[in-house]
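Worksheet: one structure, shown below.
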Amino acid sequence: MEVAFDRPGPALGYESTVTAKSIVFYVLRRIVAMAVLLLIVSFGVFSLMHLAPGDTVQVLLGTRPASPQLVASLRAQYHLNDPFFVQYLHWLADAVHLDFGRSIKLNEPVLTALGERMPITLFYGVYAFIISTVVGVSLGVLAAVKKRSVFDRGAVAGAVLGVSAPTYAVGLVLLYAFALQLGWFPVIGPGSGFADRFWHLTLPAITLATTGTALTMKMTRAALIDALDQDAVFFARARGVSGRRILFVYGLRNALMPIITAAGIVLTVMFTGAVLTEVTFALPGVGTLLIDSISSKDIPMVQGTTLLVAVLVVAVNLIIDLLYLVVDPRVRITGSLQ
Amino acid sequence: MSELLVEAPGTSTIRSHKHRVQFLVVAAVVFIALVVVCSIFGGSIAPYAASAQDLGTGLAGPSSAHLLGTDDLGRDVLSRVIVGARTAVVGPIVVAVGAMAIGTALGLLAGYRGGWLGSLIMRWVDLMYAVPQLLIAIVVVGVLHGSYWVAVAVLIVLTSPGDTRIMRSGAVEQRGLPYAEAAKVNGLSGSSILFRHIWPSLMPLTVAQSFLNFATTIVNLAALSFLGLGVGPGAADWGRMLAEARTLIAGNPWAAIVPGICIAVTAASMNIIGDWLYESLSLRGRAR
């Protein structure tokens, strides 16, 4: 995060110093940095696959008999006779053309496999993000407004437990209680059609949202208490400004930055949470695809999946930083001047 | 996770607030002590041997002979939970200490010396903050078929940026304080100011951070073993038990739920202790 937001800007006339040009320049610079980062990640994963134990040809052969002709053709096809760095450049040249090769295990193009799995992960991922933001912010606001009440203490204790509770354990408990014992939700499968899928993916979404909700609540509460502690709020109260206006205009608006930070952290945490959630609920999403391809040493698939995740992570970070620009005028200056 | 701290209590209510916090903290310390005892003497406390199979009993719910029931191989769940405390405690301790060592070295270097090396270190920290760390651990340990200790080593690298950030900002802050400047005026060398004066004053904060790191790591390590990475199959490990009991949850839910609760409560206890240390230490620092 290159954006500094603790530096106060000049009091007057700051809007005019922010030109559209400087923001475009800022975004362009970030995109170049993103590309460099993706290059590093892909090279890292490529090296990792080379360090991995086991013979690559053996994996590529699968169950086929190892005839010398087949081995030779596989070595040629995957450029295994070339030096390591040349192999990487071959992969990179294909990847730039959006050709990530074929999955060895699934025997289909990597992009097709990802395209098949993506909708499920995206569905309950968005679902979980909505839950964690709506529930987390509401509980955080309530706890901050009723600071030191029984509700507040309960919420804080719940947040400590929610942040500490492992995703997979939460998932198992929910699965046991609501699917096996009460029978309210299905035990297995992603469902088909929107309503059915919504019903099938509710438990996974709640599971994935647990950590995020707790984090969002904790950060919203702390930020709002901070914002309401300002002298400006004290004087606004003395002036007779309504409680509602103080909460939304004086409090929440100033607490928005930490809440956006929380949203960014939650999204990043969710990438890992998705893997654990999908394994817990045996969902055929991108997370299980990654785990399966790692354990079967499906090199093209691991490369493609990690690159997809890296692109998403980098995009989330960029969006969060751009949101800072939108929300806080002070960042616009330090962000563009840096 | 220093950013996630709850606000410091106002002076007017500090007494009542402190009282409540201490009860929770005492409960957390007692629980952690219990876990530590299990991790050291687990083998002799456990009513059965952790790997002793009783295929005649097989999968069964709680009974007077097996308080938490048995798993599909007839192994006593309670014994496995007690013995499993060891991998749950040892790894996180090593990670917390390792991250503290790396974070202290890099953070002090970046904060006190600064320069291009300092900005390089902080770029690295920023990068690590932006990525899903556990996911990196999953890919690295999974692809390398790493053991438990490979997982621990990977987590040390991924955890150290938090310590680095704290040590750096601490060093930057302390560098400008009168005592540090006085030491400089007295002709002390840079390294002696850094190690004899600045480092000791930052030590308490890193200790508090280590408790929080422990909490994160126990969840992360268990997540890796839940995915079948790190700890070998059949080992008495909380994460492994969860994974293996996942399919047996209808037969004996306790086999899955108790290890899960152990992980969550251990992590929560360490978070409570760490938060409390952090709060009291930073309050003391401010009063000084």
Here are some residues: B:V125, B:V143. Which one is farther than 30 Å from A:D55 by Cα and β-branched (V, I, T)? B:V125
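Residue by residue, here is whether (1) closer than 25 Å to B:A256 by Cβ; (2) of a type in the set (K, R); (3) within 14 Å of chain A (Cβ to nearest Cβ) holds:
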site: B:G118; (1), (2), (3): no, no, no
site: B:D126; (1), (2), (3): no, no, yes
site: B:Y148; (1), (2), (3): yes, no, no
site: B:D163; (1), (2), (3): no, no, no
Number of the exception - A:I319 against (1) assigned by TED's automatic domain parsing to the domain that holds A:I131; (2) over 20 Å from A:V163 (Cα atoms): (1)
Please work out if A:V241 is surrounded by 13 or more Cβ atoms within 10 Å (Cβ to Cβ) and not in a helix (DSSP H, G or I). yes
Top-ranked residue of segment A:183-207 - restricted to ones that are closer than 18 Å to A:T277 by Cα and within 13 Å of chain B (Cβ to nearest Cβ), ranked as nearest to the chain's Cα centre (by Cα): A:T207
Checked against (1) of a type outside the set (S, T, Y); (2) within 11 Å of chain B (Cβ to nearest Cβ); (3) under 19 Å from A:I120 (Cβ atoms); (4) surrounded by fewer than 19 Cβ atoms within 10 Å (Cβ to Cβ), A:V311 satisfies every condition except (2)
So B:A110, is it more than 8 Å from chain A (Cβ to nearest Cβ) and either within 27 Å of A:I320 (Cβ to Cβ) or of a type in the set (G, A, S) (or both): yes
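Yes/no per residue for (1) within 12 Å of chain A (Cβ to nearest Cβ); (2) β-branched (V, I, T); (3) under 18 Å from B:V81 (Cα atoms):
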{"residue": "B:V207", "(1), (2), (3)": "no, yes, no"}
{"residue": "B:N213", "(1), (2), (3)": "no, no, no"}
{"residue": "B:L221", "(1), (2), (3)": "yes, no, yes"}
{"residue": "B:F226", "(1), (2), (3)": "yes, no, yes"}
{"residue": "B:V231", "(1), (2), (3)": "no, yes, yes"}
{"residue": "B:G234", "(1), (2), (3)": "no, no, yes"}
{"residue": "B:M241", "(1), (2), (3)": "yes, no, yes"}
Residue check: is A:L256 touching a residue at least 12 places away in the same chain (Cβ under 8 Å) and part of a loop (DSSP other than H, G, I, E, B)? no
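Based on this model, can you work out whether A:L106 counts as surrounded by fewer than 17 Cβ atoms within 10 Å (Cβ to Cβ) and either modelled with pLDDT of 85 or more or aliphatic (A, V, I, L, M) (or both)?
Against the criterion (surrounded by fewer than 17 Cβ atoms within 10 Å (Cβ to Cβ) and either modelled with pLDDT of 85 or more or aliphatic (A, V, I, L, M) (or both)), A:L106 does not qualify.
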Test A:A113 against the stated conditions and say whether it is part of a helix (DSSP H, G or I), within 13 Å of A:M301 (Cβ to Cβ) and in contact (Cβ under 8 Å) with a residue 24 or more places away in the chain. yes
Being closer than 24 Å to B:A137 by Cβ, within 14 Å of chain A (Cβ to nearest Cβ) and more than 12 Å from the chain's Cα centre (by Cα) narrows it down to one residue among B:A250, B:A256; which is it? B:A256
Quick one: would you say B:V94 is under 30 Å from B:T266 (Cα atoms) and more than 14 Å from chain A (Cβ to nearest Cβ)? yes
May I ask you to say which residue of A:V266, A:V279, A:V302 is outside the structural domain of A:L172 (by TED's automatic domain parsing), closer than 24 Å to B:L135 by Cα and either aliphatic (A, V, I, L, M) or touching a strand residue (DSSP E or B) at 6+ places or on another chain (Cβ under 7 Å) (or both)? A:V302
Considering only residues of segment A:69-95 that are in a helix (DSSP H, G or I) and of a type outside the set (A, V, I, L, M, F, W, C), which is farthest from the chain's Cα centre (by Cα)? A:Q69
Does A:V187 count as buried (at least 16 other Cβ atoms within 10 Å of the Cβ) and in a helix (DSSP H, G or I)? no
Please state which of the following conditions A:L247 fails to meet, knowing it meets all the rest: (1) more than 13 Å from the chain's Cα centre (by Cα); (2) touching a residue at least 40 places away in the same chain (Cβ under 8 Å); (3) closer than 30 Å to A:G54 by Cα. (3)
Take segment B:183-200 and flag every residue that is assigned to a helix (DSSP H, G or I) and not small (G, A, S). B:K184, B:V185, B:I193, B:L194, B:F195, B:R196, B:H197, B:I198, B:W199, B:P200
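State whether the residues of segment A:197-216 include one that is surrounded by fewer than 17 Cβ atoms within 10 Å (Cβ to Cβ) and over 25 Å from B:P253 (Cα atoms).
yes
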Does segment A:45-68 hold any residues that are at the interface with chain B (Cβ under 10 Å from one of its Cβ atoms), surrounded by 15 or more Cβ atoms within 10 Å (Cβ to Cβ) and either at positive phi or in a helix (DSSP H, G or I) (or both), and which are they? A:V45, A:L48, A:M49
Which numbered condition A:T121 misses (of (1) within 30 Å of A:L276 (Cα to Cα); (2) of a type in the set (S, T, N, Q); (3) not in a helix (DSSP H, G or I)): (3)
Only residues in segment A:223-241 that are without any contact (Cβ under 8 Å) to a residue 12 or more places away in the chain count as the first member; pair them with residues that are part of a helix (DSSP H, G or I) and surrounded by 14 or more Cβ atoms within 10 Å (Cβ to Cβ), Cβ under 8 angstrom, at least 6 apart or cross-chain, and list the lot. A:R237/A:I246; A:V241/A:Y250
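The values are calculated or read from the model by the stated rules, or taken from the named source; none is laboratory data. Since we're looking at a predicted model, the values are computed, not measured. A quick note on method: Cβ atoms are made from the backbone with ideal geometry, for glycine too, and the neighbour counts reach across all protein chains shown.
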